[in-house]
Structures are given as structure tokens and as C-alpha cells.
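Working notes for the structure below.
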Amino acid sequence: MKKKQNKETEAREIISAKPDRLVDIYHERLSFFTPAGEVKALNDVSLSVKPGEILGIVGESGSGKSVTAYSLMGLTAYPGKLLGGDLWFNGHYVNDMTERDFCKMRGNEVSIIFQDPMTSLNPVYTIGNQIEEVIRLHTDKNRKQAKARALELLELVGINEPEKRLKQYPHELSGGMRQRVMIAIGLACEPKLLIADEPTTALDVTIQAQILELMMDLKKKLDMAIILITHDLGVVAGTCDRIAVMYAGQIVESGTTEEIFYHPSHEYTKGLIASIPKLHEEEHTRLVPIEGTPVDLLNPPKGCPFAPRCVNCMKVCLDRQPAFTEISDTHISKCWLLDKAKWEAERKAEN
Amino acid sequence: MEDKKLLEVEHLKQYFRVSGGKLFERRVVKAVDDVSFFINKGETLGLVGESGCGKTTTGRTILRLYEPTEGKIIYDGVDITHADMKPYRKKMQIVFQDPYASLDPRMTVGDIVGEAIDIHHLAASKEERRARIIELLSLVGLNSEHANRYPHEFSGGQRQRVGIARALAVNPEFIVCDEPISALDVSIQAQVVNMFEDLQDQLGLTYLFIAHNLSVVKHISNRIGVMYLGKLVELAEANELTFHSVHPYTRSLVSAIPIADPIKNRAAKRFVLQGDVPSPVNPPSGCRFRTRCPYADKCCEECEPEWKEVSPGHFVACHHIDKVQ
């Protein structure tokens, strides 16, 4: 209890010191204890989101991008356990929150849109029922007012004939429509933060364009922050203010969108950008893939997790984990190549 | 690439009977409706479209995995629409989308690749069979020790390589690649795309490359066909289709691809389509795209647009070609 109080005072200090932060994650470590062993899903992840900002988290499957966001909402699945770090959200110290606290927070201050709109809506309740549920739970609106608000929300997310849709079940709607309903549910209480976990991956390109346009539009209208989780560099390029690139449970590089795309400094980021085919180039250039296979998180390598696949791998990379190098105020990257001076000095000292 | 047609598809139709909303009611889904194209020897033809547009069905019908309802499939000058397929299985192969579901979990990788060799009696002895399997695995970037392992021991990219080795086992000339990379991670996709290109150079393969990702299709294909609700709406050389598309659907498809470059992405003019793809059970009359098309008028509702050649090798089915341009 005392510890909690200490943390709370600390919270106030941090918040007062950095009033411009909505999300602050410090050195988060999280593992899944599976029968096969400990899977280190997150290894020293730190990130922050300012109010009204769009942060993109990019990485391949298993890199820990969803786990980071879910842990912020207390949605870590069963064998997962938070092992260390401090998570702050909107003035709450997330580490000490109980399930009851989370219930008050989810859907109210923070909402989430999942990847697959086919499975994330309840098939036995009507659309109206599912939207009204959130409103009735978090506000003191009565049934009639909740229904009015649900109608308003459906109009906001661009669904035609909202009156009719309220009475329909999820299976009667198309994929794009269902994702719009998910967004409507997420926005019901005007949250400060919306987590969008691969919101367009399951959708067709023309529908993806609609949903992205809608999200950007709503962001402007409601001024909320968004964490956009995706593996598609194209999606983050057009939408995000800042990008964090994750690999093997670590953030390997983070910076503004321009910095990441035009001055990538981590070898993994460079590799990702080089490996996607460019639609708008007439000449046929061979793709430059990242060789090798993703890391096995059961037995992560001792040094830099990307070292086994890196073209510029050095001896030190296999041995020791690199630390963050500050490239600019907003741009940091975890790579020994940027820190050459430091390890050369150390090697000299050793000799 | 030669100027010799390896595969020709003429007015191919593939209808499926499905149960309707009411008891005993049967309806017909026109999954592929009157599609014609050809593929030259050594060429890659890309086929793009949204889910449910019939691109996979087209690929499978060409291999006679479904019996075509109507139309002709001509392979190397021979009509194979009703022929016995066994000799052609050696020439035409397929790589499936999902590398997790398309490999038998109880067979070793060696046996998965070797099964085709056994069926077609391509190896005279056990040693020859083993040597051939190892040769195939090394062709796709795996090594001999992988032959004794089971599919679950491999990552997605490696499994897709096994799927490709299996398709190559019979020395085919033509391979249908049915979304071979959409289930893979971004960093792995480029590896597999490069491998498809290398194999084509080495073995002189001809591909029908089916995918929903236009940038990948544009990268790998010589020509691209765009499908919408069971119909081919536009077909042209890859660069021509990306930069000088005519059909409004192709245009929206090209502009909907998010560009991985922040400045270009923000500057790009979007042509975002409204609405959803209609159900193929009950497609709109006339031009099937008219419900989402900004140029649609009465003419589009009444008659189906013709398949016209607007410039050499560039075919479009649209009533309003001049208006769009």
C-alpha cells in the first residue's frame, strides 16, 4: 500500500514534469510463461504518446507491438506476466490497477479497435445493443439518450440508414461496415486514446482507404491520440506523426515519420524500407530482402536481436546489446554502428 | 519471353450452386463470368482484385480443380477443357496461399516433395528420388537436413518454400501462384518474390500470379489483369496499367495503395470509392461496377460494357472511356 502511495506521488511528479504526455511507458518487460519456456515478448520497451498525436508501431508478427498496447489496457492474456517497468496512462499508474479500475477505464478513456471485425463483434447482439452497452456503462444516460447517441455515432462513422443498422446483427453487415461499427463503439465515450490494432489488415484495399480516411477525419474532429499498430509501412507513412519500429520485443528505432522514412538509421528499418516493392517506379529494380528468419523469442540471441540477419553485423553485435543513440531530439536508434566510438573506446580500455 | 501463347482462356465461366435464403431454394454464384485472356511462354500474368472477385477461382479452374461451367482452356495448342488431366499435372502446378494449411502435418518435408515424384514415376531408384528431393530443396534455399523435418518445425517463409519445391518437383512449365506471399511477414515477402523471379530465369517458368496487393503484382508481372465481381475489367502491360489505367475501378485501386513515402503519400490525390463490393449472388445489372462508379449512368445499368482494345495490348470494359480520360 505504501509502495503504491509512493508511486502515486511519483506519478504526480512525472505528470507535472511532463504534462504533455498521455502515455508513458518506462522499461517495460513482459514474458509469456508457456510450457516450452519463457517467451520474452517485451524486453525493455519505453515509449510515450502526447495528447492528440498519432503514434505508429511497426514490426512483424511476434515483435511485441500488440502486446505493448494491450498491456496498457490490462489485457495481457493468461500466461503473460508483467515483469518490470512502469506504465502510466492519463495520470493512472497502470501497474497497480485492479480489474475494476480497468473496467472503468476501458471504453471510457481508452478504446481499442481489433484487426478482425468479423470476430470482434458479438454475433448474438444487435449493433445498437453493443454500442448502447458502452454508453450506458460509462455515462449516466438513460436508454433513450443512449440510443440517440448510438444513432449519432453511426452517422459520424459514415454508415447509411443508421436507424435500420441499429436493429441489425453483425452478420448482416460487410467487413468494412463492421469495422465502422467497431470504431463507433470505440468512440462512444470520446476516449483520449484510441488503440487501432491492424485495423485495416483484414480489409480490401479500397475499403482500407475508406477506413483510414475516416480515422484521420475523426481524429481531427475529436482530437484524440491514436496508437496505430500495423506491419504496413504504407499505412503509417500517410497517417502517423511519429513511428516506433519494433523487433523481437524491443523498440529498435523511433522518430518522426520523416526521420524514419528519409533517414532510417537502424539496419532493420533500412531493410524494411528497401524490401517493399514501389508501385510508382517504372523501372524494375530487384527487391533487397532481409535475409534469414525472425527471431525465436524462446531463445533470443545474446547480443543485438537483429544481428543474425544484419548485413553489417560486427563482432560486438553478437556479444552485447546496443543502447539507444540519440540522433536528434526526436530520433533514437539502437544500433552499434551508431555507437562505434563508444565500443571502440571500451575495447581500448579493455586492452 | 517468347511470343508464343502457352495458355489461352476463352470465355471461361465458373458458376457455383449455393443454397439460397429459403428452404430448397438454390441460387447460382457467378464466380467467374466470361473471362478471356492468354499467357505467353515465359511470361508472368498478374491477376488482382478484391476478395470474392473470382481471381482464385480463375486460377483453380484453369488447372481443372473445378470443372468449368462453360468456355475453353487451351494449353500449348491443345484444348484441355475436358481432357484427362494426369499428363498435364506434370506441366501445370499450383502454389497455395496458406503455407500453414497446404502442407500435410504428418508427412516429412522430403515426403511432401517426393510424393509428386512417386506419383509420376520420375525417379528410378530410392537414391535418385532422394537426390532429386535435395536438389529441389536447395533450389528453393533449403538444405538437405530439412528433408527429414515436419512442416510445424518451419517458419511461414520456409513453409512457403516447401510449397514451391513441391510444385517444382514435376518440372512444370506453368505455375499458378495463388496469393503465395500474402500470409508472410513483410521482411520475408521480398525473399519469396525474389525467389519466384530467380526460378523463372533459371527454369523458364510461366506464372499466373494471383494477389490482392497491386504493388507486389506490378513488381513481378509483365502484364496485369484486374478483376471485379467475376469479370475482367482491364488488362494491360504492367506499367501501362499502373500509370495509364482507364477503368475507374483500376484507378481507384491504384490510388488506394498507401505509398511508403510520407511526402508523396500526403501529396497523392486519392480517389476513394464509396460503398462495398456487392454480393456476387446478386450482382448489379449491366456494368457490375456501376454501383460504386462515379461515372455511372443509365447506359451502364442497361447493357454490359464491351471488352475493347484502347491501345495495343490494353483492354478495358467500360462505357465511359472518353469521359474517364
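Quick one: check the C-alpha center-to-center distance for the range B:59-79 versus the range B:180-197, whole angstrom.
The two parts, judged by their Cα centres, are 28 Å apart.
Divide by every residue of chain A the summed helix terms, -39500 (n - 2.57) for each DSSP H run of at least 4, and state the resulting mean residue ellipticity at 222 nm, rounded to the nearest 500 deg cm²/dmol.
-11000 deg cm²/dmol
Can you pull a Stokes-Einstein diffusion coefficient for chain B at 20 °C (1.002 mPa s), Rh from Kirkwood over Cα pairs, as a whole number of µm²/s?
Stokes-Einstein gives a translational diffusion coefficient of 102 µm²/s.
Grab the Cα-Cα distance for B:Ile74 and B:Phe16, subtract it from 0.36 nm times how many residues apart they are, and report the gain in nm with one decimal.
Between B:Ile74 and B:Phe16, full extension yields an extra 18.7 nm.
Stokes-Einstein D for the range B:51-129 at 25 °C, 0.890 mPa s, Kirkwood Rh over Cα pairs, in µm²/s?
Result for D is 164 µm²/s.
Taking amide hydrogens as modeled 1.01 Å from N in the peptide plane, which residues meet the under 5 Å criterion relative to B:Asn40, leaving out close sequence neighbours?
Under 5 Å from the amide H of B:Asn40 lie the amide H atoms of B:Leu6, each far enough along the sequence or on another chain.
Return the subset of B:Lys41/B:Lys90; A:Lys192/A:Lys219; A:Lys65/A:Lys220; A:Lys40/A:Lys270 for which the Cα-Cα distance in this structure is over 19 Å, preserving the input order.
Among B:Lys41/B:Lys90; A:Lys192/A:Lys219; A:Lys65/A:Lys220; A:Lys40/A:Lys270, the Cα-Cα distance tops 19 Å for A:Lys65/A:Lys220; A:Lys40/A:Lys270.
Can you give the FRET efficiency for B:Asn148 and B:Phe38, using 1/(1 + (r/R0)^6), R0 = 60 Å, r = Cβ-Cβ distance, to the nearest 0.05?
Computed FRET efficiency for B:Asn148 and B:Phe38 comes out at 0.90.
Per residue Cα convex hull volume for the range A:75-199, in cubic angstrom?
121 Å³
What full-extension length gain, to one decimal in nm, is calculated for B:Ser51 and B:Lys264 as 0.36 nm per residue of separation minus the Cα-Cα distance?
Between B:Ser51 and B:Lys264, full extension yields an extra 73.9 nm.
Would you please give the FRET efficiency between B:His82 and B:Lys308, computed as 1/(1 + (r/R0)^6) with r the Cβ-Cβ distance and R0 = 25 Å, to the nearest 0.05?
Efficiency computed from Cβ-Cβ geometry: 0.20.
What does the range A:222-345 give for Rg and for Dmax, in Å, if only its C-alpha atoms count?
Cα radius of gyration and Dmax of the range A:222-345 are 15.5, 51 Å respectively.
Under a crude label model (7 Å from the Cα following the beta-carbon direction), how far is B:Leu65 from A:Glu213 in nanometres?
Those two pseudo-labels are separated by 3.5 nm.
If you rank A:His138, B:His146 by fewest surrounding Cβ atoms within 10 Å, what's the result?
Result, fewest neighbours first: A:His138, B:His146.
Trypsin sites (Lys or Arg not before Pro) within the range B:9-62: which are DSSP loop residues with at most 10 other Cβ atoms inside 10 Å?
B:Lys22
Using square roots of five times the C-alpha gyration tensor eigenvalues, list the equivalent-ellipsoid semi-axes of the range B:131-259 in whole Å, biggest first.
Value: 32, 16, 12 Å, ordered largest first.
What is the Cα centroid distance between the range A:25-79 and the range B:239-272, reported in whole angstrom?
Value for the Cα centre distance between the two parts: 34 Å.
Can you put B:Thr291, A:Thr239 in order of Cβ neighbours within 10 angstrom, beginning with the fewest?
Neighbour counts put them in this order, fewest first: B:Thr291, A:Thr239.
Would you kindly derive the ³J(HN,Hα) couplings of the range B:31-39 from the backbone phi angles with the Karplus curve 6.51 cos²θ - 1.76 cosθ + 1.60 (θ = phi - 60°), listing them in order in whole Hz, with x for Gly and Pro?
Ordered by residue, 3J(HN,Hα) equals 5, 10, 10, 6, 10, 10, 6, 9, 10 Hz.
What would the Debye formula give as log10 I(q)/I(0) at q = 0.07, 0.10, 0.13 Å⁻¹ for the alpha-carbon point model of chain A, no solvent?
Computed log10 I(q)/I(0) values: -0.33, -0.67, -1.09.
For the range B:263-304, list log₁₀ I(q)/I(0) at each q in 0.24 Å⁻¹, using the Debye formula over Cα point scatterers of equal strength and ignoring solvent, two decimals each.
Taking Cα atoms of the range B:263-304 as identical point scatterers yields -0.81.
Average the reciprocal distances over every distinct pair of alpha-carbons in the protein assembly as shown, invert the result, and give the Kirkwood radius in Å.
About 27.4 Å for the protein assembly as shown.
Compute the FRET efficiency between B:Asp98 and A:Met118 as 1/(1 + (r/R0)^6), taking r as their Cβ-Cβ distance and R0 = 25 Å, and round to the nearest 0.05.
E between B:Asp98 and A:Met118, to the nearest 0.05, is 0.90.
Distance between Cα centroids, the range A:166-242 to the range B:5-29: provide it in whole Å.
34 Å
If you rank A:His280, B:His314 by fewest surrounding Cβ atoms within 10 Å, what's the result?
Going from sparsest to densest Cβ surroundings: A:His280, B:His314.
In nm, what is the difference between 0.36 nm times the number of residues separating A:Lys302 and A:Ile327 and their Cα-Cα distance?
Taking A:Lys302 through A:Ile327 to full extension adds about 6.5 nm, to one decimal.
Over all distinct alpha-carbon pairs, what is the Kirkwood Rh of the range A:203-276 in angstrom?
Averaging 1/r across every pair of different Cα atoms and inverting gives 13.5 Å.
Tell me what chain B gives for mean residue ellipticity at 222 nm when only DSSP H runs of n ≥ 4 count, each as -39,500 (n - 2.57), the sum divided by the residue total, rounded to 500 deg cm²/dmol.
Theoretical 222 nm ellipticity from helices: -9000 deg cm²/dmol.
Put a dot 7 Å past each Cα toward the Cβ at A:Thr285 and A:Thr126; how far apart are the dots in nm?
5.6 nm
Within the set B:Lys30/B:Lys91; B:Lys264/B:Lys323; A:Lys164/B:Lys22, which residue pairs have Cα atoms separated by over 24 Å?
B:Lys30/B:Lys91; B:Lys264/B:Lys323, as the Cα separations exceed 24 Å there.
How far is it, in nm, from the label point at A:Lys315 to the one at A:Lys348 when both lie 7 Å from their Cα along the line to the Cβ?
Reported label-point gap for A:Lys315 and A:Lys348 is 1.7 nm.
Quick note: the coordinates plus some simple rules give every number you see, no bench work behind them. Everything numeric in this text was worked out from a predicted model, so none of it was measured. Please note: Cβ atoms are built from the backbone with ideal geometry, for glycine as well, and neighbour counts cover all protein chains shown.
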